[in-house]
Amino acid sequence: MSEFYQGRTIKVFAELDLDADCWIPTADISWEELGKQNHQRITGLNGFFKVIDEAQTYAIEMAKAWIDAQVTERYSPPIENSTRSIARNKTRRHLRGHYSQSLRRTL
C-alpha cells in the first residue's frame, strides 16, 4: 500500500511479530530535496495490532503525522530562539524598571 502526501511518497507495510502474534505498522517515507533522494523509515507500536489492515492504517496516519511535524518544523521559527528572545526582553524590561525605581528613590 502506498500514498502520496505533501510531496512525499509513503509506502506502508506491516511486519508480523510471531512472538506477540501482532502486526507491526511500518512506513517508508521518501522525497526528493535539492536533487537528493531522502528516506525515513518509521515503525509503530509492537504487540498492539491483531489485524493487518489496522496496522497499515495506523502506519499511514503515523507517516502523515511525521511529515506534518517536519513541514511545521521547517517553516516555523525555532522555539528555543523565540523563548530566549522573550526571556531576554522580559529581563531587559525588568532591569530597566528596577533601575528607574532605584534612580527615583535616590532623587
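Values in this text are rule-based calculations from the coordinates and carry no lab data. Values in this document were obtained by computation on a predicted structure and should not be read as measured data. For neighbour counting, all protein chains shown are included, and Cβ atoms are generated from backbone atoms with ideal geometry for every residue, glycine included.
Listed values, structure above:
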read-out	value
Sorted peptide list for 61-70, 22-31, 44-53, criterion being average Cβ within 10 angstrom, highest first	22-31, 61-70, 44-53
Gain upon complete extension [LYS50, SER2; 0.36 nm per residue less C-alpha separation]	15.2 nm
Calculated SAXS-style log₁₀ I(q)/I(0) at q = 0.17, 0.18, 0.23 Å⁻¹ - the range 2-76, Debye, Cα scatterers	-0.63, -0.68, -0.95
Local electrostatic count at LYS50 - Lys and Arg +1, Asp and Glu -1, tallied over other residues with Cβ under 12 Å	-4
